[in-house]
Amino acid sequence: MTDSRQTATYLSKRLTAAGLRPVSRFGQNFLIDLNLVDLIARSAELRKTDVVLEIGTGVGSLTTRLSDQAGAVLTVEIDNNLYRLASEELADRPNVRLIHGDALRNKNSLRSDIMEQIRDAKSRIGGDARFLLVANLPYNVATPIISNLLHETPPPDALVVTIQKELADRIIAEPGTKDYGALSVWIQSVCKAEIVRILSPKVFWPRPKVHSAILRLESLPNAREKFADLKHFHQTVRALFLHRRKFLRSVVASAMKQSLSKTQVDEVLQTLGYDETSRAEQLSVEQIQTLAEALRLAEMKSQ
């Protein structure tokens, strides 16, 4: 079982004994400070009626804590050797189901069987069962995992994840800052976001070259009901920030060139009070929501 001996030396010897080593292409960086593993689990504020998804099982350090506190845990590991090791670690935990493979079907969607199992677990628990993502996410899949999950049915009630600090900064960024962009707007439109703790590279093995952060996202009540077409909103937001240094009129005209004329674009922008010097990065999340909906309605009208 994993315990307080989980230091870099302990993990190194343990993996070496099993004939394993971290695989860089999978973004494997093991969190060796168990106080921080505890903090991740504690920040999720788990209940016995919760269904938890973990992506990146590793050696099962976080998984065991999730298993102790939640009703059901679905954990996914892509690495063949770690999957075998974790299977042994978690064999005596009936509320844990370990999946071998990539959690992503492609960069725009999760594997369908993962969400099928989440829905099934929620149905079995019933009542007020919640769905959460709690994970030390591999750096190379963090953005698509978080972004795609927010499109799923059901969407997670909360996410507590360890990711690159740079990515966390982008998610919580405010208008007019260098980090503010499509990801900031998309996630803040449906979630409340906060950084729980900044993590030094030294708390991981092997040490990454960047700082990390524990990020907590909590779904905003009724947020999705505000959007007539959530997928359209997300696509529009991404298009608005594709060329972030350009003026808003140019960006919108380019993004909508298949469905709206420049005259129609001008009408939308003028109605909302934006002039030729406006830029997307200066607009608040709420302003971008209003703009995206106005463009959607203009598209429908022009069809």
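The values are calculated or read from the model by the stated rules, or taken from the named source; none is laboratory data. Keep in mind that what you see is a predicted model, and the values were worked out from it rather than measured. Positions of Cβ are backbone-derived with ideal geometry, glycine not excepted, and every protein chain shown enters the neighbour counts.
A few notes on this one:
- The condition (being modelled with pLDDT of 95 or more, hydrophobic (A, V, I, L, M, F, W, C) and surrounded by fewer than 18 Cβ atoms within 10 Å (Cβ to Cβ)) is satisfied by just one residue among L260, L283, L297: L297.
- Test: residue in the stretch 76-95 that is within 22 Å of H151 (Cβ to Cβ), in contact (Cβ under 8 Å) with a residue 12 or more places away in the chain, of a type in the set (A, V, I, L, M) and crowded, with 20+ Cβ neighbours inside 10 Å: yes
- Tabulated pairs, the stretch 279-303, first in the same structural domain as A253 (by TED's automatic domain parsing), second among the basic types (K, R), C-beta under 6 angstrom, 6+ apart or interchain: E281/R244
- Residue count, the stretch 8-35 (criterion: of a type outside the set (V, I, T) and either farther than 13 Å from V203 by Cα or at pLDDT 95 or above (or both)): 16
- Filter pass, D157 being under 23 Å from E225 (Cα atoms), among the charged types (D, E, K, R) and over 18 Å from the mean Cα position of the chain (by Cα): no
- Residue within the stretch 217-230 that is in contact (Cβ under 8 Å) with a residue 24 or more places away in the chain, more than 17 Å from Q289 (Cα to Cα) and either touching a Leu at 6+ places or on another chain (Cβ under 7 Å) or in the same structural domain as Q287 (by TED's automatic domain parsing) (or both) present: yes
- Residue that is farthest from R111 (Cα to Cα), among those in the stretch 140-189 that are touching a strand residue (DSSP E or B) at 6+ places or on another chain (Cβ under 6 Å), surrounded by 23 or more Cβ atoms within 10 Å (Cβ to Cβ) and not aliphatic (A, V, I, L, M): T162
- Listed by first and then second residue, the pairs linking a residue in the stretch 48-69 that is under 16 Å from E89 (Cα atoms) to a residue that is surrounded by fewer than 22 Cβ atoms within 10 Å (Cβ to Cβ) and of a type in the set (D, E, K, R), with Cβ atoms under 7 Å apart and 6 or more places separating them unless they lie on different chains, are V59/E89; G60/E89; R65/D38; S67/R93.
- The sole residue among D68, D50 that is assigned by TED's automatic domain parsing to the domain that holds S219 and touching a Gly at 6+ places or on another chain (Cβ under 7 Å) is D50.
- Selected residue (only one of L167, L133, L149 is touching a Phe, Trp or Tyr at 6+ places or on another chain (Cβ under 9 Å) and at pLDDT 95 or above): L167
- Counting only helices (runs of 4 or more DSSP H) that sit wholly inside the stretch 73-178, those with at least 2 residues that are over 24 Å from S189 (Cα atoms) and assigned by TED's automatic domain parsing to the domain that holds G60 are 80-89, 112-125.
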